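The values are calculated or read from the model by the stated rules, or taken from the named source; none is laboratory data. Computed from a predicted structure; not experimentally measured. Cβ: placed from backbone, ideal geometry, glycine included. Neighbour counts: every protein chain shown. Keep in mind that these areas ignore ligands, DNA and RNA; they rest on the heavy atoms of the full protein, side chains included. Shrake-Rupley method; radii C 1.70, N 1.55, O 1.52, S 1.80 Å.
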Amino acid sequence: MYTQALDAPQTPSAPTDEDERLERFQARIDADEKIEPKDWMPEAYRQTLIRQIAQHAHSEIVGMLPEGNWITRAPSLRRKAVLIAKVQDEGGHGMYLYSAAETLGVARGELVAQLLIGRAKYSSIFNYPTLTWADIGTIGWLVDGAAIMNQIPLCRCSYGPYARAMVRICKEESFHQRQGYELMLTLARGSAEQRAMAQDALNRWWWPSLMMFGPSDTDSVHTAQSMRWKIKRFTNDELRQRFIDATVPQAEYLGLTVPDPELRFDAAAGHYVHGPIDWSEFHAVLKGDGPCNRERLAARRSAHEAGRWVREAAAAYAEKHAGSARAAQAG
Amino acid sequence: MSPAAEPARATASAEDRFEYVLRLGDTSLIAAQRLGALLGHGPALEEDLAIGNIALDLLGQARLLLALAGRIEGRGRDEDALAFLRDAGQFRNMALAEQPDGDFAETIVRQCLLDAWQLETYESLAGSRDRELADIAEKAVKECRYHWRFSAGWLVRLGDGTTESHTRVRAALEKLWRFTDELLSADALDARMAVSGIGPAPALIRERWETRVSAALAEAKLERPAQRHYPWHGKRGVHTEHLGHLLAEMQFLPRAYPGVSW
Ligand SMILES: [Fe+2]
Ligand SMILES: [Fe+2]
């Protein structure tokens, strides 16, 4: 881990004054220049990015659990292969994101430790259970769909390594979204029981998906500064609106009913208007009282604990190996 | 020597070919089902991703082989009908493949012993007289090489790692070794397939498997367990108790909602 202030080169042209540095930094951001790991950056920018990227990485990793729950029960071999590949992709996203966070001077182990002691956040959506096979389609369609809305703007994020990771991730997320929708279409065109399964899943996942965009702009603490730094480019409410506008017609095409009696299309505005979101539920899940918070964290901890002796064995083996190589060199 | 190079041979019956292809396909399928359950619960993210890759490869092999079996049988059963609508007694996988995952050592030992068998079997089958089977084997052998590198690499790290890892991997080896005889002992069907130039020569597979596994055990500083002769016949449909539970979970949806597509 390094401190930017000590690492910055002390050349005559280097700004000596903190305000001047900040001003130059902001000017680079305003000119749409990418900030790279070795560049000077305000400590608050670095901390904001670490928090956001780590949260995103943890979400990918915890997100493997609800979908992994159906790998052994996928109803066809093709669906099983698609689901394994998807869960594996999410693990890959977690890896790129931890690597992006590491460019900011924080180790993956440190970030994972924060997750395991319950100090780091991850997307609350993964604290909901996957109760039927239709949940797998719904997660692809809605959860990956919402993730794409959130993440497409991040491909233009001011921090280079994060923006580049997001380009790769977004391609795979849109693939997941299409696969999820295709699964839903198969259920919607299937038997009455399959259609009921699809509708039940939409009923349970709709509101939590809307909450994925975070609190309303009026209540969001981080938005203004993050927008100025181009870590965030649209507000929570703007992104949520885009998601609703894109998703409601897709639900109609499936012949499913969005579980919001107040939902209507405002032709003049060209947008759907939705009913009130139950933020008390969002805050309860965020505080740890969602349906699966305990199970998700317990699963991550148990994998970590059960794997401890394995990681120790690999380290011991590598150490012995390095030791004998050194001995060979010395002799 | 590849089986195809052998002279004068009998023609295999469709029943034999069906049964033989199921042995291969079911072994890949059941191993994939075991590994798929581990995804997201591995000792490190890198291992999760590797195990996911291996599960996907095995599942891909199973799909090709079960589809081929269905065509040979000619009764309209596709890969899913074969995977989801047979009971345990109709499964032809090696009993080793269905053994549950206790700790990571058991997963590694099971995969290692199985990977060595699959690798040698597919390498030989790439020269099979059955063109369709040979094509599948040619693709599978590349995958199995990677699987072996992963499992044998971990066998060595665990065997030559810490005292704890050595103890654990030795216990896993003791537990699973008794299922290796089924892989290597040819029954009448294996012999007929070899004679017809479709299947590999069983003695060759045994010899190559022994060489490969012995080398890995030596590097892992592990002793070869004593052979215990209880005859397992997973490949003839006589399984351990574990397979029924595995299938109950795997087959639940197509059984609960029969006749629909997914
Ligand atoms: Fe992802
Ligand atoms: Fe995804």
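Tabulated results
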read-out	value
Any hit, segment A:59-67, residues being more than 15 Å from the chain's Cα centre (by Cα), among the charged types (D, E, K, R) and at pLDDT 95 or above	no
Test: residue in segment A:78-96 that is out of contact with any strand residue (DSSP E or B) (no Cβ under 9 Å at 6 or more places or on another chain), within 14 Å of ligand 1 (Cβ to nearest atom) and over 20 Å from B:G36 (Cβ atoms)	yes
Residue selected from segment B:211-248 under the condition surrounded by fewer than 18 Cβ atoms within 10 Å (Cβ to Cβ) and under 16 Å from the mean Cα position of the chain (by Cα), by the criterion farthest from B:L173 (Cα to Cα)	B:R236
Residue ID - farthest from the other protein chains (Cβ to nearest Cβ), chosen from residues in segment A:74-112 that are away from ligand 2 (no atom under 14 Å from the Cβ), open to solvent by 40 Å² or more (accessible area, probe 1.4 Å) and part of a helix (DSSP H, G or I)	A:E110
Pairs, first more than 20 Å from A:R73 (Cβ to Cβ) in segment B:77-96, second buried (at least 24 other Cβ atoms within 10 Å of the Cβ) and of a type in the set (S, T, Y), C-beta under 6 Å, six or more apart	B:M94/B:T27
Considering residues of segment B:61-72 that are touching a residue at least 60 places away in the same chain (Cβ under 8 Å) and open to solvent by less than 30 Å² (accessible area, probe 1.4 Å) only, the residue farthest from the other protein chains (Cβ to nearest Cβ)	B:L68
Wholly enclosed helices (runs of 4 or more DSSP H) of segment B:157-262 bearing at least 1 residues within 13 Å of chain A (Cβ to nearest Cβ) and aliphatic (A, V, I, L, M)	B:163-176, B:242-250, B:252-256
Cβ pairs under 6 Å, 6+ apart, first in segment A:149-172 and within 16 Å of ligand 1 (Cβ to nearest atom), second in a helix (DSSP H, G or I) and of a type in the set (S, T, Y)	A:A165/A:Y96
Condition met for B:L56 (part of a loop (DSSP other than H, G, I, E, B) and either open to solvent by 10 Å² or more (accessible area, probe 1.4 Å) or under 18 Å from B:W262 (Cβ atoms) (or both))	no
Some residue of segment A:267-276 being within 19 Å of the chain's Cα centre (by Cα) and open to solvent by 80 Å² or more (accessible area, probe 1.4 Å)	no
Condition met for A:L115 (assigned to a helix (DSSP H, G or I), away from ligand 2 (no atom under 16 Å from the Cβ) and either hydrophobic (A, V, I, L, M, F, W, C) or open to solvent by 10 Å² or more (accessible area, probe 1.4 Å) (or both))	yes
Segment A:277-290 - residue that is touching a residue at least 40 places away in the same chain (Cβ under 8 Å) and open to solvent by 70 Å² or more (accessible area, probe 1.4 Å) and, of those, farthest from the other protein chains (Cβ to nearest Cβ)	A:D278
Inter-residue pairs, beta-carbon under 7 Å, first within 21 Å of A:E36 (Cβ to Cβ) and in segment A:105-119, second part of a helix (DSSP H, G or I) and open to solvent by 50 Å² or more (accessible area, probe 1.4 Å), 6+ apart	A:R108/A:E102
Of all residues making up segment B:73-108, the number that are open to solvent by 40 Å² or more (accessible area, probe 1.4 Å) and among the aliphatic types (A, V, I, L, M)	1
Per-region count, segment A:220-248, residues among the aliphatic types (A, V, I, L, M), modelled with pLDDT under 90 and part of a helix (DSSP H, G or I)	2
Segment A:121-138, subset in a helix (DSSP H, G or I) and within 14 Å of another protein chain (Cβ to nearest Cβ), residue farthest from ligand 1 (Cβ to nearest atom)	A:A134
In segment A:183-216, the residues that are open to solvent by 20 Å² or more (accessible area, probe 1.4 Å) and over 19 Å from A:P66 (Cβ atoms)	A:L185, A:T186, A:R189, A:G190, A:S191, A:A192, A:E193, A:R195, A:A196, A:Q199, A:P215, A:S216
Residue within segment A:152-171 that is away from chain B (no Cβ under 14 Å), hydrophobic (A, V, I, L, M, F, W, C) and away from ligand 2 (no atom under 16 Å from the Cβ) present	yes
Residue among B:R17, B:R34, B:R77 that is farther than 22 Å from B:H233 by Cβ and basic (K, R)	B:R77
Contacts under 9 angstrom Cβ, first residue in segment B:44-55 being under 17 Å from B:D103 (Cβ atoms) and facing chain A (nearest Cβ under 7 Å), partner polar (S, T, N, Q) and buried (at least 21 other Cβ atoms within 10 Å of the Cβ), 6 or more apart	B:D48/A:Q88
Residue in segment A:217-229 that is of a type in the set (V, I, T), more than 16 Å from ligand 1 (Cβ to nearest atom) and open to solvent by 20 Å² or more (accessible area, probe 1.4 Å) present	yes
